[in-house]
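Engineer: One structure coming up, written as structure tokens, with questions to follow.
Laboratory data are not the source of any read-out in this text; all were calculated from the coordinates shown. As the structure is a prediction and not an experimental result, all values here were calculated from the model. Neighbour counts run over all protein chains shown; Cβ positions are idealised from the backbone, glycine included.
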Amino acid sequence: AQKITQTQPGMFVQEKEAVTLDCTYDTSDQSYGLFWYKQPSSGEMIFLIYQGSYDEQNATEGRYSLNFQKARKSANLVISASQLGDSAMYFCAMRETLKTSYDKVIFGPGTSLSVIP
Amino acid sequence: EAEVAQSPRYKITEKSQAVAFWCDPISGHATLYWYRQILGQGPELLVQFQDESVVDDSQLPKDRFSAERLKGVDSTLKIQPAELGDSAMYLCASSRQVRGIGSNEQFFGPGTRLTVL
């Protein structure tokens, strides 16, 4: 079964508008972490934002915020004031630790975001 | 700023040949990951090291792939013999801790793009 689901293969957004990228996850652990990474066409993966399962506040990092709804097991990324440089693949990832002695990180299939001038 | 180094950036080889990829993680990072990323998909973990020990190689095709991290610093991933289906981006990442306290996010190298002809 898919641990991380990203239902939007491709998204378009007008420059300066906000956009939400969806992510749902599946875990039986109580302690876990959720990440978003950006991958431009050049290929490098860039860490954007992190949310711990026990964090009460939604994470924010500059123009990025994470809409964390624990009961629904969703961790959507919100990008405000989109810029042309935001065009990239975006991956949601989950870290599980309860069953192992080490972090195990699983990535979703990704969403391609295109920002239109 | 410290970065994860990988070489080569690009590799073209013929099937049945041997190839090797090198990764130097950020100094002091205990955990090193090798991922394979097929175009249009999310990264898939091949092998994970804690210092010099393998903690997860469940998805590594061990009949042709091998990985080592001698002295717990840099790492080499080898494929022998290469097959057409091995064409992909091979990403190396490192993180500070074995088990996350806080984000313990992964830092990725630029990747090696492998083409098998």
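Engineer: Tell me, what HN-Hα J-couplings in whole Hz come from the Karplus equation 6.51 cos²θ - 1.76 cosθ + 1.60 at θ = phi - 60° for each residue of region B:85-96, using x for Gly and Pro?
Structural biologist: Taking θ as phi minus 60°, the curve returns x, 7, 4, 4, 9, 10, 10, 10, 9, 9, 9, 5 Hz for region B:85-96.
Engineer: Can you tell me the dipole magnitude for chain A around its Cα centre, using point charges on the Cβ only (Lys, Arg +1; Asp, Glu -1), in Debye to the nearest 20?
Structural biologist: So the dipole magnitude of chain A works out to roughly 220 debye.
Engineer: Ok, one more. About its Cα centre, what dipole magnitude does the protein assembly as shown give when the only charges are +1 on Lys and Arg Cβ and -1 on Asp and Glu Cβ, stated in debye to the nearest 20?
Structural biologist: 260
Engineer: What does the structure give for B:39-51 when I average, per residue, the other chain Cβ atoms found within 10 Å of the residue Cβ?
Structural biologist: Rounded to a whole number, the mean comes out at 4.
Engineer: Which ordering of B:D57, A:D26 is given by a fewest-first count of other beta-carbon atoms within 10 Å?
Structural biologist: Lowest count first: A:D26, B:D57.
Engineer: What residues qualify as long-range amide H neighbours of A:A18, i.e. H under 5 Å apart, gap of 5 or more or another chain, H built at 1.01 Å from N?
Structural biologist: Counting only residues 5 or more places away or on other chains, the set is A:A81, A:S82.
Engineer: Across peptide B:54-67, what mean number of C-beta atoms from other chains lies inside 10 Å of a residue's C-beta?
Structural biologist: The per-residue average across the peptide is 1.
Engineer: Here's something else I'd like to know. In terms of the Cα gyration tensor, with a ≥ b ≥ c the square roots of its eigenvalues, is chain A rounded because a/c is under 1.5, prolate because a/b exceeds b/c, or oblate?
Structural biologist: It comes out prolate by the Cα gyration axes.
Engineer: Evaluate the relative contact order of chain B (contact order divided by residue number), counting alpha-carbon pairs under 8 angstrom at least 6 apart; express in whole percent.
Structural biologist: Reported relative contact order: 37 percent.
Engineer: Hey, can you rank A:103-110, A:54-61 by average C-beta count inside 10 Å, highest first?
Structural biologist: Going by the mean number of other Cβ atoms within 10 Å, highest first, we get A:103-110, A:54-61.
Engineer: At a Förster radius of 30 Å, what calculated FRET efficiency corresponds to the Cβ-Cβ distance of A:Q30 and B:R64, to the nearest 0.05?
Structural biologist: According to the calculation, E is roughly 0.20.
Engineer: Ok, one more. Mind sorting A:M45, A:M11, B:M89 by how few other Cβ atoms lie within 10 Å of their own Cβ, fewest first?
Structural biologist: With the fewest neighbours first, A:M45, A:M11, B:M89 line up as A:M11, B:M89, A:M45.
Engineer: Another question, then. Using the Karplus curve 6.51 cos²θ - 1.76 cosθ + 1.60 with θ = phi - 60°, work out ³J(HN,Hα) for each residue of region A:3-10 in order, rounded to whole Hz, and write x for Gly and Pro.
Structural biologist: 7, 10, 10, 10, 7, 9, x, x
Engineer: Taking Cα pairs under 8 Å and at least six residues apart, what relative contact order does chain A come out at, in percent?
Structural biologist: With pairs under 8 Å counted, the relative contact order is 37 percent.
Engineer: A further question on this structure: Please say if chain B is rounded, prolate or oblate, where rounded means a/c under 1.5 for a ≥ b ≥ c the square roots of the C-alpha gyration tensor eigenvalues, and otherwise the choice is prolate for a/b larger than b/c and oblate otherwise?
Structural biologist: prolate
Engineer: A further question follows. Based only on other Cβ atoms within 10 Å, what is the fewest-to-most ordering of A:Y102, A:Y50?
Structural biologist: A:Y102, A:Y50
Engineer: Efficiency by 1/(1 + (r/R0)^6): what FRET value for A:K70 and A:S101, r their Cβ-Cβ distance, R0 = 30 Å, to the nearest 0.05?
Structural biologist: Between A:K70 and A:S101 the formula returns 0.75.
Engineer: Multiplying the sequence separation of B:Q97 and B:D51 by 0.36 nm and subtracting their Cα-Cα distance, what value in nm do you get?
Structural biologist: Once the chain is fully extended between B:Q97 and B:D51, it gains 15.6 nm.
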